[in-house]
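Enquirer: Got a structure for you, questions after.
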Number of protein chains: 2
Amino acid sequence: MLDAALELFTAHGFEGTSLQDIADRLGVTKAAVYYHFHTKDELLRALVEPAFAEVSALVAEGEERPASSRRAGVVEVGRYVDYLLRHRRFAVWLARDAAAMTRDVVVQQATEIRERTEAMLVGADADALSRIWAAATLQALAGGLIAAPADAPDEWLREELTELGAHLLAGYRKAARRREA
Amino acid sequence: MLDAALELFTAHGFEGTSLQDIADRLGVTKAAVYYHFHTKDELLRALVEPAFAEVSALVAEGEERPASSRRAGVVEVGRYVDYLLRHRRFAVWLARDAAAMTRDVVVQQATEIRERTEAMLVGADADALSRIWAAATLQALAGGLIAAPADAPDEWLREELTELGAHLLAGYRKAARRREA
DNA sequence: GTCTATAATGCGATAGAC
DNA sequence: GTCTATCGCATTATAGAC
């Protein structure tokens, strides 16, 4: 059921998908959907929660490691790519339907997680340039994931996306060094 | 008026913004909005058209240049960044509201332009890996633009985003060479 | 757990006065 | 060019039978 909703949200967006659409896809009525999720926002929350919990734990792990050991950020990128691949369809949806994350039920959590994820890549007290590279890296990974053929094996994707992310972080450090000079 | 619509679309998405919302923002009634745009889709088209025409011309220019002279793609990235900066708020909206581009009035144009823009970066007959890097580059530029402070001067942004895009294209060529070996 | 039926609201869109 | 008023319809959500 969450699966059907996710599929429709990906195609038409959260606002562009009605509970009727979801019910039709499942071959049931709207009322049946409302039995499981009392409101549409509750469905959104249920869809978002497991993925958010996972990335939150991922970032928390990174926050506990000493800054020196994660300066390169390559380990973090690898873990993040793994997370993207585990929640592939979810990530594809979110990257292209940011408006859904402005809903009251999820906006706080979403903002906090995005900020912490960016901080994991470029540090907590980042300046404008760092934030740009961090955001660009996250968007690039999502963009690559979206463009990948649906039948692309996870192993291959993991390798390519990790390289892509690591390459961007290397570029960021180069730009930061240039700025310091 | 298009300005007010664009602002609301950026915040809540095309589907999440009603004509009432737009009318309220302008301090007029829905009917007044309908005088200028007979349907909501017509408003969408009017919002999209100038930017699409511009990027289409940009890509067409690139298509006329011999492939050898644009193999590096740096010139193309620079021109694309200029385009993003000229339509900054529009680009921020589109990057995060893909559902709007699935509307019948714009879906064909949008798909064609996205494909031609990616082809400009990595060639017309691109394999899966090339398409991933091309999509990642475009998404990264949009992501960087979104993360930039609203008061960041265009000159500075142009420089940083161009470097970001060029860095990604360099990474793509590196990955392509590795794959050939 | 799913159904039918319906309430309540908001939506895109139109008609006609000013 | 903007208004008031309204239509028809889809939407979220609820009530109650099975």
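Enquirer: Taking the stretch A:19-39 only, how many residues are more than 11 Å from DNA strand C (Cβ to nearest atom) and either surrounded by fewer than 17 Cβ atoms within 10 Å (Cβ to Cβ) or acidic (Asp, Glu) (or both)?
Expert: Final tally of qualifying residues: 4.
Enquirer: Restricting the first residue to the stretch B:131-143 and requiring it to be in contact (Cβ under 8 Å) with a residue 60 or more places away in the chain, which pairs with a second residue that is among the aliphatic types (A, V, I, L, M) meet a Cβ separation below 7 Å and a spacing of at least six or different chains?
Expert: Once the first residue is in contact (Cβ under 8 Å) with a residue 60 or more places away in the chain and sits in the stretch B:131-143, its partners that are among the aliphatic types (A, V, I, L, M) give B:Thr137/B:Leu121; B:Thr137/B:Leu168; B:Thr137/B:Leu169; B:Leu141/B:Val81; B:Leu141/B:Leu84; B:Leu141/B:Leu161; B:Leu141/B:Leu164.
Enquirer: Would you pick out the residues in the stretch B:29-76 that are assigned to a helix (DSSP H, G or I), within 16 Å of DNA strand D (Cβ to nearest atom) and among the hydrophobic types (A, V, I, L, M, F, W, C)?
Expert: Within the stretch B:29-76, the first condition is being assigned to a helix (DSSP H, G or I), and the residues that meet it are B:30-36, B:40-64, B:67-70, B:74-76.
Pick out the ones that are also within 16 Å of DNA strand D (Cβ to nearest atom) and you get B:30-36, B:40-43, B:46.
Scanning the stretch B:29-76 gives B:Ala31, B:Ala32, B:Val33, B:Leu43, B:Ala46.
Enquirer: Do we find that B:Ala51 is within 16 Å of DNA strand C (Cβ to nearest atom) and of a type in the set (Gly, Ala, Ser) in this structure? Write out each step before concluding.
Expert: Working: within 16 Å of DNA strand C (Cβ to nearest atom): no; of a type in the set (Gly, Ala, Ser): yes.
Here the answer is no, as B:Ala51 does not meet what is asked.
Enquirer: Does B:Gly73 satisfy the criteria of being of a type outside the set (Asp, Glu), surrounded by 16 or more Cβ atoms within 10 Å (Cβ to Cβ) and at positive phi? Give the derivation first.
Expert: Details: of a type outside the set (Asp, Glu): yes; surrounded by 16 or more Cβ atoms within 10 Å (Cβ to Cβ): yes; at positive phi: yes.
Yes: the conditions hold for B:Gly73.
Enquirer: Next question, about the same structure. Quick test for you: out of B:Phe14, B:Phe9, pick the one residue that is surrounded by 14 or more Cβ atoms within 10 Å (Cβ to Cβ), part of a loop (DSSP other than H, G, I, E, B) and within 14 Å of another protein chain (Cβ to nearest Cβ).
Expert: B:Phe14
Rundown of residues vs (1) more than 29 Å from A:Ala152 (Cα to Cα); (2) touching a Leu at 6+ places or on another chain (Cβ under 7 Å); (3) touching a residue at least 24 places away in the same chain (Cβ under 8 Å), yes/no style:
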position	(1), (2), (3)
A:Val33	yes, yes, yes
A:Lys40	yes, yes, no
A:Ala51	no, no, yes
A:Leu84	no, yes, yes
A:Ala91	no, yes, yes
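Enquirer: Turning to a different aspect of this structure: Please verify whether B:Phe14 is farther than 28 Å from B:Pro153 by Cβ, among the aromatic types (Phe, Trp, Tyr), free of Cβ contacts under 8 Å to residues at least 12 places away in the same chain and within 13 Å of DNA strand C (Cβ to nearest atom), treating the condition exactly as stated. Please lay out each step first, then the result.
Expert: Working: farther than 28 Å from B:Pro153 by Cβ: yes; among the aromatic types (Phe, Trp, Tyr): yes; free of Cβ contacts under 8 Å to residues at least 12 places away in the same chain: no; within 13 Å of DNA strand C (Cβ to nearest atom): yes.
For B:Phe14, the condition - farther than 28 Å from B:Pro153 by Cβ, among the aromatic types (Phe, Trp, Tyr), free of Cβ contacts under 8 Å to residues at least 12 places away in the same chain and within 13 Å of DNA strand C (Cβ to nearest atom) - is not met.
Enquirer: Still on this structure: Can you confirm whether the stretch A:130-142 contains a residue that is in contact with a helix residue (DSSP H, G or I) (Cβ under 8 Å, 6 or more places away or on another chain) and surrounded by fewer than 17 Cβ atoms within 10 Å (Cβ to Cβ)? Break it down into steps so the answer makes sense when it comes.
Expert: If we filter the stretch A:130-142 for residues that are in contact with a helix residue (DSSP H, G or I) (Cβ under 8 Å, 6 or more places away or on another chain), which is where we start, we get A:130-142.
Among the residues that remain, those that are also surrounded by fewer than 17 Cβ atoms within 10 Å (Cβ to Cβ) are: none.
No: the stretch A:130-142 contains no residue that is in contact with a helix residue (DSSP H, G or I) (Cβ under 8 Å, 6 or more places away or on another chain) and surrounded by fewer than 17 Cβ atoms within 10 Å (Cβ to Cβ).
We did not get these values from a lab; they are worked out from the coordinates using the rules stated. Owing to the predicted nature of the structure, the values given are computational and were not obtained by experimental measurement. Heads up, the Cβs are rebuilt from the backbone with ideal geometry, glycines too, and the neighbour counts pull from every protein chain shown.
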